[in-house]
Amino acid sequence: MVRKRIIGFIVVIQSFLWLIHLLLYETWTFSPVGNDPPGAFWIKLVLGFLSVSFISASLLAFRYTNAVVRAFYRFAAVWAGLLTFLFFGAVSSWIIFGVARLAGVNVNFHGIVELLFGAAIVTGLYGVFNASWTRITRTTVRLANLPTSWRGRRAALISDLHLGPVRNGRFLRRMVAKILKEEPDVIFIAGDLYDGTALDARRAAEPLNELVAPHGVYFVAGNHEQFRDDSKYLRAIAATGIRVLGNEKVEVDGLQIIGVPYRNARQDGPFASVLHGIQFDRGRASILLTHAPDHPEIAEAAGISLQLSGHTHLGQFIPWTWMVRRIYRQFAYGLSRIGEMQVFTSSGAGTWGPPLRLGSNPEIVILEFQ
């Protein structure tokens, strides 16, 4: 049943990709007099290859890890991101052409297409650059009943690195260096350290051996670790000395730190049961580390003080950024509140799929407790 759903999902996505590439072809080759442009066959051939590149590269990346597959995936992923902007360029070209025709104005359709397609490519390439520029985001969190010893202390929050065909150990070493430079008192990794594709999990995690903080480093699994059995990822992370939290609470100098993996937090019923079973003290400050801000109302009802999450990527790039804000509302990004609980959702440090960011920035978050 699951296999059939996956195949069905792939067929639907591939069909959309074919249709979008067909639109690009018709837009680029359109002639008011009906003549085929020079090189029409080669344009069809190239667009045909590009239309299947991302699905093909993704399927290969889930089974193989080598330089050729990684290079193919990166190329296909960048193209998939550019495709969004080219699609809007194509649609805008037809709208301008149609309005001009209705107004009786003669316009150079191909000139409009060249201009908008050029702008789309430049915008997409800026998104690729922006995705590689990790910022430090700083914010202050005021918690009731915070232990005196924690006042003024700082936590680093990082999520969604997505180590795989695009981001690798070199990227993780950069992130570790940036975090250590901030000298945080505690470090939280809110899931999706891995992309879920084929790779040597232990070797990829090696830079985490250098990631240390006076009050510990804590990890909770995200959905990409839990596509299948997550044990190889969790073992690799634990081998670096990081505390992997699985439906449990640890006491750190009077502060309660709770971790619930994605699999146990994605549905409200099981999530509520897990939090109830952990039996933390509602009268003292607590931090819940869980990958996605799917059910903050459950955590608030349980008496959590602060939830730290990632997962949303803030949509990575327009227009998906708008869609994510509609889905997650105030919990899509940044510090927000529900009842007596605060939620901080990070946009993440890496990317999934297209390595582009436009309308969102990759980040490491530094939280100061007051």
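The values are calculated or read from the model by the stated rules, or taken from the named source; none is laboratory data. Given the structure is predicted, the values throughout are model-derived calculations rather than measurements. Heads up, the Cβs are rebuilt from the backbone with ideal geometry, glycines too, and the neighbour counts pull from every protein chain shown. Heads up: the accessible areas ignore ligands, DNA and RNA and are worked out on the full protein's heavy atoms, side chains in. Shrake-Rupley method; radii C 1.70, N 1.55, O 1.52, S 1.80 Å.
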For this session: Please give the helix 2-29 orientation as an angle from the longest Cα principal axis of the chain, in degrees from 0 to 90, rounded to the nearest 10.
Result: 40
For this session: Multiply the residue gap between residue 94 and residue 122 by 0.36 nm, knock off their C-alpha separation, and tell me the result in nm, one decimal place.
Result: 8.1 nm
For this session: Straight distance only, please: which aspartates and glutamates reach the Cα of residue 249 with their own Cα at less than 15 Å, same-chain residues fewer than 8 apart left out?
Result: 281
Problem set entry | Percent carbon-and-sulfur accessible area, the range 66-186, ignoring ligands, DNA and RNA, probe 1.4 Å | 62
Seminar exercise, completed: For the chain, the per residue accessible area (1.4 Å probe, Å²) is 48
Problem set entry | Unit charges on C-beta of K, R, D, E only; dipole of the range 98-207, Debye | 440
For this session: Using the charge dipole of the chain (Lys, Arg: +1 at Cβ; Asp, Glu: -1 at Cβ; taken about the Cα centre), state which of 16, 273, 59 has its Cα farthest towards the positive end.
Result: 59
For this session: Calculate the dipole size of the range 273-346 relative to its Cα centre from +1 charges on Lys and Arg beta carbons and -1 charges on Asp and Glu beta carbons; express the result in debye to the nearest 20.
Result: 200
Exercise. Roughly how large, in nm² to one decimal, is the mean projection of the convex hull of the alpha-carbon atoms in the range 28-134?
Worked result: 8.9
Problem set entry | Mean ellipticity per residue at 222 nm, deg cm²/dmol - from DSSP H runs of n ≥ 4 across the chain, formula -39500 (n - 2.57) | -15000 deg cm²/dmol
For this session: Can you tell me which of 328-338, 61-71 comes out highest on packing, and rank the rest after it, using the mean Cβ neighbours within 10 Å?
Result: 328-338, 61-71
Exercise. Among 96, 43, 116, whose Cα lies farthest out toward the positive end of the dipole of the range 35-194, if unit charges sit on the beta carbon of Lys, Arg (+1) and Asp, Glu (-1)?
Worked result: 116
Problem set entry | Accessible surface of the range 235-370 [probe 1.4 Å, protein heavy atoms]: carbon and sulfur percent | 50
Exercise. Assigning unit charges at the beta carbon (Lys, Arg +1; Asp, Glu -1) and nothing else, what dipole magnitude in debye, to the nearest 20, does the chain show about its Cα centre?
Worked result: 320
Exercise. With each pseudo-label sitting 7 Å past Cα toward Cβ, what's the residue 329-residue 47 distance in nm, one decimal?
Worked result: 4.2
Exercise. How far is the Cα center of the range 56-104 from the Cα center of the range 229-255, in Å?
Worked result: 38
For this session: Among 291, 323, 333, pick out the residue whose Cα is farthest towards the positive end of the charge dipole of the range 275-370, where Lys and Arg carry +1 and Asp and Glu carry -1 on C-beta, about the Cα centre.
Result: 323
